[in-house]
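Some notes on the structure that comes next.
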């Protein structure tokens with residue numbers, strides 16, 4: 001295994017990967033591992049063509065997948081599907097929004113670093129290739145930028161909530177890439193319209209740049225086309241499962257834009273309250289009776305923001321039949337909130 005570094009991720013078992021000192025004939029020189037949670041890992045690399053840092057993404061393996069030829073191709077096809085879907089989603093979003101890290105390069109490395117490291121190469125060109133995606137690095141020098149989760153935790157320690165103007169700005173910026181993902185298109189002339197769903201909107205997947213604050217939605221690796229199975233989501237930012245006596249609404253079965261609306265609203269509440277919504281609050285808003293929902297709506301209102309922001313949150317954390325049905329509708333509501341704030345400020349000055 002000389003020349004390769006082994007990395008591991010433990011989550012319902014051990015996932016592994018091996019990476020070399022450089023990829024693509026030396027173009028991308030590896031500096032260090034950045035992250036390893038979820039379905040894939042990320043490496044900080046230096047692109048020698050531009051002398052700029054970048055982020056290289058790869059997919060985890062199990063030991064058996066690496067060493068058993070019968071499992072290798074199936075694992076490779078699954079991982080390439082994940083990376084290819086994430087790549088397609090980023091490209092769709094970046095066509096209409098600047099709140100998305102740019103794609104630098106997508107390539108297949110031959111031989112596969114992980115297969116080469118364990119000696120499972122077969123001499124079959126297709127079987128011995130491994131796909132990787134390189135994206136723009138968002139940070140200062142070689143230091144990663146903070147996430148919205150980091151910013152929320154810092155403000156919570158300082159008892160320094162976001163102003164309504166800051167909250168509206170955040171919401172508007174996160175909506176832009178989501179609206180771009182949700183824009184309908186036809187893959188071919190004779191195919192039906194479709195769109196992409198991010199599937200994992202949460203504070204950890206929003207980077208904060210500035211000042212002034214700019215927000216970038218990242219981690220499109222779990223993205224799915226509308227109607228396709230969801231492959232990755234984070235429970236506190238997804239509709240709650242049913243308990244005894246409740247009718248389950250299978251929103252986590254297939255991808256739909258309403259799923260991103262829910263994740264956006266859960267993220268907005270977390271930001272506004274400086275804490276995530278409790279399971280009880282989410283369950284009451286989603287499954288509760290009219291009387292139960294009244295108390296939950298009042299709880300959201302007590303966070304201290306205007307009625308439009310509060311209604312965006314409560315309606316978007318509700319069942320599909322009550323939920324604001326698209327990011328475009330939320331953008332309209334945010335514009336109303338901004339206008340109302342501007343009018344209130346003008347009246348205050350007039351007094």
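The values are calculated or read from the model by the stated rules, or taken from the named source; none is laboratory data. As the structure is a prediction and not an experimental result, all values here were calculated from the model. All Cβ positions, glycine included, derive from the backbone under ideal geometry; neighbour counts span all protein chains shown.
As for the range 207-219, it holds no residue that is surrounded by 19 or more Cβ atoms within 10 Å (Cβ to Cβ), at pLDDT below 95 and part of a helix (DSSP H, G or I).
In a residue-by-residue description of the range 129-137, the property of being farther than 26 Å from residue 268 by Cβ, in contact with a helix residue (DSSP H, G or I) (Cβ under 6 Å, 6 or more places away or on another chain) and not assigned by TED's automatic domain parsing to the domain that holds residue 178 applies to at least one position. Outside the structural domain of residue 89 (by TED's automatic domain parsing), at pLDDT 90 or above and over 22 Å from residue 164 (Cα atoms): does that describe residue 276? Taking the combined requirement at face value, the residue does not satisfy it.
Remark: residue 200 falls outside the filter, which requires a residue to be surrounded by 14 or more Cβ atoms within 10 Å (Cβ to Cβ), in contact with a helix residue (DSSP H, G or I) (Cβ under 6 Å, 6 or more places away or on another chain), within 21 Å of residue 42 (Cβ to Cβ) and in contact (Cβ under 8 Å) with a residue 60 or more places away in the chain.
One residue stands out in the range 170-184 among those that are more than 12 Å from residue 264 (Cα to Cα) and touching a strand residue (DSSP E or B) at 6+ places or on another chain (Cβ under 8 Å): the one that is surrounded by the fewest Cβ atoms within 10 Å (Cβ to Cβ), namely 184.
Restricting the search to the range 247-264, which residues are farther than 26 Å from residue 303 by Cβ and either assigned to a loop (DSSP other than H, G, I, E, B) or modelled with pLDDT of 95 or more (or both)? Selection gives 247, 248, 250, 252, 253, 255, 256. Would it be correct to say that residue 209 is assigned by TED's automatic domain parsing to the domain that holds residue 94 and more than 20 Å from residue 41 (Cβ to Cβ)? No: the conditions fail for residue 209. Put simply, of 263, 288 the only residue that is surrounded by 15 or more Cβ atoms within 10 Å (Cβ to Cβ) and without any contact (Cβ under 8 Å) to a residue 12 or more places away in the chain is 288. Kindly indicate whether residue 286 is in the same structural domain as residue 208 (by TED's automatic domain parsing) and under 21 Å from residue 148 (Cα atoms). So residue 286 fails the test.
Okay, residues lined up against (1) assigned to a helix (DSSP H, G or I); (2) farther than 29 Å from residue 89 by Cβ; (3) out of contact with any strand residue (DSSP E or B) (no Cβ under 6 Å at 6 or more places or on another chain); (4) not assigned by TED's automatic domain parsing to the domain that holds residue 39:
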{"residue": "231", "(1), (2), (3), (4)": "no, no, yes, yes"}
{"residue": "266", "(1), (2), (3), (4)": "yes, no, yes, yes"}
{"residue": "270", "(1), (2), (3), (4)": "yes, no, yes, yes"}
{"residue": "310", "(1), (2), (3), (4)": "yes, yes, yes, yes"}
{"residue": "315", "(1), (2), (3), (4)": "yes, no, yes, yes"}
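I'd like to check something: does the range 305-325 contain any residue that is under 20 Å from residue 148 (Cα atoms), touching a residue at least 40 places away in the same chain (Cβ under 8 Å) and surrounded by fewer than 18 Cβ atoms within 10 Å (Cβ to Cβ)? No. Taking helices (runs of 4 or more DSSP H) as the structural unit, those lying wholly within the range 45-139 and holding at least 2 residues that are surrounded by fewer than 17 Cβ atoms within 10 Å (Cβ to Cβ) and touching a strand residue (DSSP E or B) at 6+ places or on another chain (Cβ under 8 Å) correspond to 69-94. Do we have any residue at all in the range 276-283 that's assigned to a loop (DSSP other than H, G, I, E, B) and in contact with a strand residue (DSSP E or B) (Cβ under 7 Å, 6 or more places away or on another chain)? So far as the range 276-283 goes, no, none of its residues is assigned to a loop (DSSP other than H, G, I, E, B) and in contact with a strand residue (DSSP E or B) (Cβ under 7 Å, 6 or more places away or on another chain). Residue 51 passes every criterion in (1) without any contact (Cβ under 8 Å) to a residue 60 or more places away in the chain; (2) within 22 Å of the chain's Cα centre (by Cα) apart from (2). Just one residue in the set 147, 191, 156 is surrounded by fewer than 19 Cβ atoms within 10 Å (Cβ to Cβ) and at pLDDT 90 or above; that residue is 156.
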